[in-house]
Amino acid sequence: MALAQFTVTMVMSIVNVALPAIRTGLGFDPDQLSWVINAYSLVFGGLLLLGGRAADVYGQRRLLVGGALVFAAASLGGALVQNPAEMIVARVVQGLGAAAMAPAALAVLTTTQREGRERTRALGVYAAVSAVGGAAGVLAGGLLTEYGGWRWVMLVNVPMALAVVWLALRHVPRGAAAGRRRLDVLGGILGTGGVGLLVLGVVRTNEYAWTSAVTLGTLAGAVVLLFAFVVVETRSSTTDPLVRFGLLARRSVGGANLFMLLVCAGQFAGFYFVSLYLQQVLEMKPVAAGTAFLPFCAGMITGSAVSTRLLGTLGAKALLVPGGLVAAAGFGWFGMISSSGSFLTDILGPSLVAGFGIGVCFVPPTGAATGGLPPHEAGMASALLNSARQIGGAIGLAVLVTVQVQHTKDGLGAGDTPKEAMTSGFGLGLGLAGAIMAVAALVAAVVLPGRARDAAAGRTPAQAADGTGVPATEVRR
């Protein structure tokens, strides 16, 4: 399950460093190139809820294996494409496979690991690879692009996805489909369409301004579809809903999803700005820029390990508040980058601090959002958390890039050199990413239940580590 999550997370960033080479190799127009990223994000984010519920209805292992096979086929096709249209289609199909893999993988983990220390440790591993996957993708993208060519950033996913299939068939229980349960088709259409339009409207703001008719119309359509989705899901009596909104009414689940949305909004944008700063200001080659992310990875792994060890003792809230503040401090430190800086003076220190804070932040929400649920809702809860990650990352990146681009243009208009203007824009974006992390810490402090509430509810330390905030007997009822 860790390998499945790592593969899905890594593929979101591995093509970033390779984009210039992809543009040259396939003849992309400059205004089309962003769709190499957006096509995957749009389909992945739009279909996560449907994929999670399908895992509950048709069987988690079946969806995991099927999604991994589709993902592998799309990756192989992407390595063989000959024109921009074929690449975009390959990325769309990759997103389809990932939307089945991601929620199914987390659902398998939560239903096969016993509540308490065993599940907490498993979620720690899962959260660590989730956090490291993005940074590892940038590193792998740089190495593969420079020494093997851009096609390898697609081809490398094939053996990883096939390994997921092999391991799942050997070690994941077959399980059974959910009997009389049916997939909510209408809810799936409305939810997928609404989330898809939301992600589409946000990711296209680099082409169309936030106030343009195209963006406003797309976002308005998303609001209408999502409102209809909520109405249908809350009134549905003939089928099992795609999302049971009572889950989000629980402080632990709703707070964990909101916290994860905010953290990923800052993290995705932070990775983007740092990557551009390394290549456009410090003028590093792709492999050097990718290697520069190793301190991020080290900090994340360390933070995840510390969080996993302390979660059963301290609880989610006691970790997420300081973790969010440490991440905020790291990105705030990043905001002081200089146009004449270096890796040692401007990257190393804040990378370790920000990476550690993010690592601490990734373990507790996973348990809080999925622990204590019946098996037939594991996929639903997993899909909600993955949707929070994806939607938060897309919105945060789009908003902060818009601010960064405008600030850079203002600097050029004021007479700054290109490097000075870019550095100032990147610094502002990174500082705002830190501010979003601080808001996430505030959400954890205000929304998530504390240890006193867990004790009052009669929960043991091991049960509290799963973050549900309610007694296990109540969950079962």
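The values are calculated or read from the model by the stated rules, or taken from the named source; none is laboratory data. What you are looking at is a predicted structure, and each value in this text was computed from that prediction instead of being measured. Heads up, the Cβs are rebuilt from the backbone with ideal geometry, glycines too, and the neighbour counts pull from every protein chain shown.
Residue 283 passes every criterion in (1) part of a loop (DSSP other than H, G, I, E, B); (2) in contact with a helix residue (DSSP H, G or I) (Cβ under 7 Å, 6 or more places away or on another chain) apart from (2).
Filtering the range 42-95 to residues that are of a type in the set (Val, Ile, Thr) and either surrounded by 24 or more Cβ atoms within 10 Å (Cβ to Cβ) or over 24 Å from residue 22 (Cα atoms) (or both) leaves 57, 65. On inspection, residue 122 does not qualify as under 21 Å from residue 163 (Cβ atoms) and under 18 Å from the mean Cα position of the chain (by Cα). Criterion applied to 4, 39, 18 was being buried (at least 22 other Cβ atoms within 10 Å of the Cβ), farther than 23 Å from residue 128 by Cβ and touching a helix residue (DSSP H, G or I) at 6+ places or on another chain (Cβ under 9 Å), and the one residue passing it is 18. Cβ separations smaller than 8 Å between residues 6+ apart or across chains give the following pairs from the range 290-315 residues that are among the small types (Gly, Ala, Ser) to residues that are not in a helix (DSSP H, G or I): 290/17; 292/284; 312/116; 315/450; 315/467.
Could you count how many residues in the range 276-291 are closer than 24 Å to residue 436 by Cα and surrounded by 24 or more Cβ atoms within 10 Å (Cβ to Cβ)?
Selection size over the range 276-291: 2.
Take the residues in the range 265-275 that are aromatic (Phe, Trp, Tyr) and modelled with pLDDT under 85; name whichever of them is surrounded by the fewest Cβ atoms within 10 Å (Cβ to Cβ). Looking at residues that are aromatic (Phe, Trp, Tyr) and modelled with pLDDT under 85, I get 271. Applying the criterion of being hydroxyl-bearing (Ser, Thr, Tyr) and not in a helix (DSSP H, G or I) to the residues of the range 1-60, the residue that is nearest to residue 155 (Cα to Cα) is 13.
In the range 224-248, of all residues being within 22 Å of the chain's Cα centre (by Cα) and part of a helix (DSSP H, G or I), the one that is farthest from residue 364 (Cα to Cα) corresponds to 226. Scanning the range 170-177 finds no residues that are under 25 Å from residue 38 (Cβ atoms) and out of contact with any Pro (no Cβ under 9 Å at 6 or more places or on another chain).
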